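The values are calculated or read from the model by the stated rules, or taken from the named source; none is laboratory data. These numbers come from a predicted model, not from an experiment. Virtual Cβ from ideal backbone geometry, glycine too; neighbours counted across all protein chains shown.
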Amino acid sequence: MKIAVTGLNATDNPGPGVPVIRSLKEGGLPELQIIGLVYDSLEPGIYMDGLADKHYLIPYPSAGLEPLMEWLGYINSIEKIDMIIPTLDSELYAFVKLAPKLKALGIKTFLPSADQLNIRGKDKLFNFCKAEGINVPKNILAATLQDIYRVTSELSLPAVVKGIFYEAYIANNLEETSSYFRKIANKWGYPIIIQEYIRGTEYNVVALGDGNGGMTGAVPMKKLYITDKGKGWAGVSIQEPALLRISEKVISSIKWKGGMELEFMRSETTGEFYLLEINPRFPAWVYLAVGAGQNLPSAMVRMALGEEVQPFRDYKVGKMFVRCSWDILADITKLEQISTLGVI
C-alpha cells in the first residue's frame with residue numbers, strides 16, 4: 001500500500017505530516033510505503049531517516065489546480081499511489097476540488113466537501129456556533145483598515161488578529177491591530193478576523209469524523225507550554241467530557257469527513273469553554289492520540305479503504321508530549337537532488 005502525505009515542514013511552526021506518517025507506520029497497515037509530497041527542498045521531513053520511502057517536490061497550491069494535478073498524475077504514473085493525505089489548511093481546497101480526478105486515477109482521499117470546509121471557516125465560525133448554541137468569542141471580519149476602528153465600539157482591547165488560514169497575534173491597541181492586519185493580509189489575504197480575547201487556559205481536541213455524522217474518535221489535551229507563535233510545545237491528554245460533547249456536536253452537525261482539530265479557551269472568569277477555531281485536518285500533535293490509544297490517522301485510512309471501523313470509546317489520560325529541536329545531518333547531494341530533479 002502506498003500512501004502519499006504532505007506537510008513535512010517540521011519546524012517551529014510544524015506541519016502535521018511527520019506525526020501523521022509516524023501514526024500510519026504504527027497502525028498495522030499491510031506492506032505500507034510512504035511517499036512524502038513536499039513544497040520546499042528544505043522541509044525537515046525529507047531528511048529524517050526511515051520516515052518516507054520516497055519524496056517528490058510538488059507545486060504550491062497558489063500555482064493553480066492544473067500544475068498540481070499534472071504533477072500528481074506524473075507521480076502516480078511512477079508510484080501507483082493508493083491514497084493521498086493532505087495535512088495543510090492552505091492546500092485542502094485544492095485537493096477537495098481534485099478529489100474526483102484523483103479517484104479516476106485510483107487514488108483515494110478521505111476529505112470533507114467544499115461546503116463543509118466553508119461552514120467551519122474562521123470567517124463563518126461565529127455564525128455556526130451561535131446557531132448550534134456553542135460559546136464563541138465575538139469577532140469582526142475586516143477587509144479594510146477602516147474596519148479596524150469598529151474594534152473600539154464592538155469589541156474591547158486586547159483583541160486577537162487572525163489570518164484566514166494561519167497566524168494569530170494579540171493586539172493591545174489600535175496601532176498594533178493595524179500593524180498585524182497589514183502583516184497577515186500581505187501573507188494570507190482577506191478577510192482578517194479580529195476576535196474577542198478570552199483570557200484563560202488553552203485546550204485542544206483532535207477528532208475524526210466518518211462523514212455520516214459519527215465521531216470515530218477524539219482525544220482532548222491541555223496545553224502545558226505555548227510558543228510565541230501560539231503553538232503548543234507540550235501538552236497532556238485529559239478527561240474532559242464537556243470538550244468531547246462539543247466536538248461530537250460539531251461533527252454531527254457538519255457531518256464532518258476526515259480529521260479535525262478543535263481549539264478551545266476556558267475562561268478564567270466563568271470556567272466555560274469557548275470554541276476558537278476548527279482546523280480541517282489532523283494537528284501536529286496527533287501522535288499524542290496514538291500514545292493515548294487512538295490511532296486516528298490509521299483509522300481514517302481504513303475507512304477510506306471501505307473497512308468498517310468501530311468508534312474508539314476510551315483513551316489514556318495523563319499521556320504527555322514534549323517537542324524538541326533535533327539537528328539532522330545529511331549530505332548536500334540530497335538537497336541538490338530534490339532541488340534539481342524534484343525527487344529523492
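Just give me the residues in segment 304-315 being surrounded by 12 or more Cβ atoms within 10 Å (Cβ to Cβ) and either assigned to a loop (DSSP other than H, G, I, E, B) or not assigned by TED's automatic domain parsing to the domain that holds Lys223 (or both), in sequence order.
Leu305, Val309, Pro311, Phe312, Tyr315
Suppose we filter segment 287-344 for residues that are under 19 Å from Val18 (Cα atoms) and acidic (Asp, Glu); how many remain?
The total comes to 1.
Under 6 Å by Cβ, and 6 or more places apart or on different chains, what pairs join a residue from segment 158-172 that is within 12 Å of Leu276 (Cβ to Cβ) with one that is β-branched (Val, Ile, Thr) and not in a loop (DSSP other than H, G, I, E, B)?
What qualifies is Val160/Ile170; Lys162/Ile193; Ala168/Val160.
Go through Leu275, Leu262, Leu243 for me and flag whichever is in contact with a Cys (Cβ under 6 Å, 6 or more places away or on another chain) and under 24 Å from Asp123 (Cβ atoms).
Among Leu275, Leu262, Leu243, only Leu275 is in contact with a Cys (Cβ under 6 Å, 6 or more places away or on another chain) and under 24 Å from Asp123 (Cβ atoms).
If a residue must be over 18 Å from Leu157 (Cβ atoms) and within 20 Å of the chain's Cα centre (by Cα), how many such residues does segment 182-198 contain?
Residues flagged as over 18 Å from Leu157 (Cβ atoms) and within 20 Å of the chain's Cα centre (by Cα) within segment 182-198 amount to 5.
Need the failing condition index for Gly230 against (1) assigned to a loop (DSSP other than H, G, I, E, B); (2) farther than 24 Å from Ile170 by Cβ, just the number.
For Gly230, the exception is condition (2).
Only one residue in Lys138, Lys97, Lys162, Lys124 is modelled with pLDDT of 95 or more and not hydrophobic (A, V, I, L, M, F, W, C). Which one?
The unique qualifying residue is Lys97.
In segment 139-148, what count of residues is obtained for those that are in contact (Cβ under 8 Å) with a residue 24 or more places away in the chain and exposed (fewer than 15 other Cβ atoms within 10 Å of the Cβ)?
2
For Ser179, only one of the following conditions fails: (1) among the small types (Gly, Ala, Ser); (2) closer than 21 Å to Cys129 by Cα; (3) more than 20 Å from the chain's Cα centre (by Cα). What is its number?
Of (1) among the small types (Gly, Ala, Ser); (2) closer than 21 Å to Cys129 by Cα; (3) more than 20 Å from the chain's Cα centre (by Cα), only one is false for Ser179: (2).
Which residues, counting only those in segment 278-332, are among the β-branched types (Val, Ile, Thr) and more than 19 Å from the chain's Cα centre (by Cα)?
Listed by number, the residues that qualify are Val309, Val317, Ile328, Ile332.
Considering only residues that are more than 16 Å from Glu272 (Cα to Cα) and among the β-branched types (Val, Ile, Thr), which ones fall in segment 239-252?
Val250, Ile251
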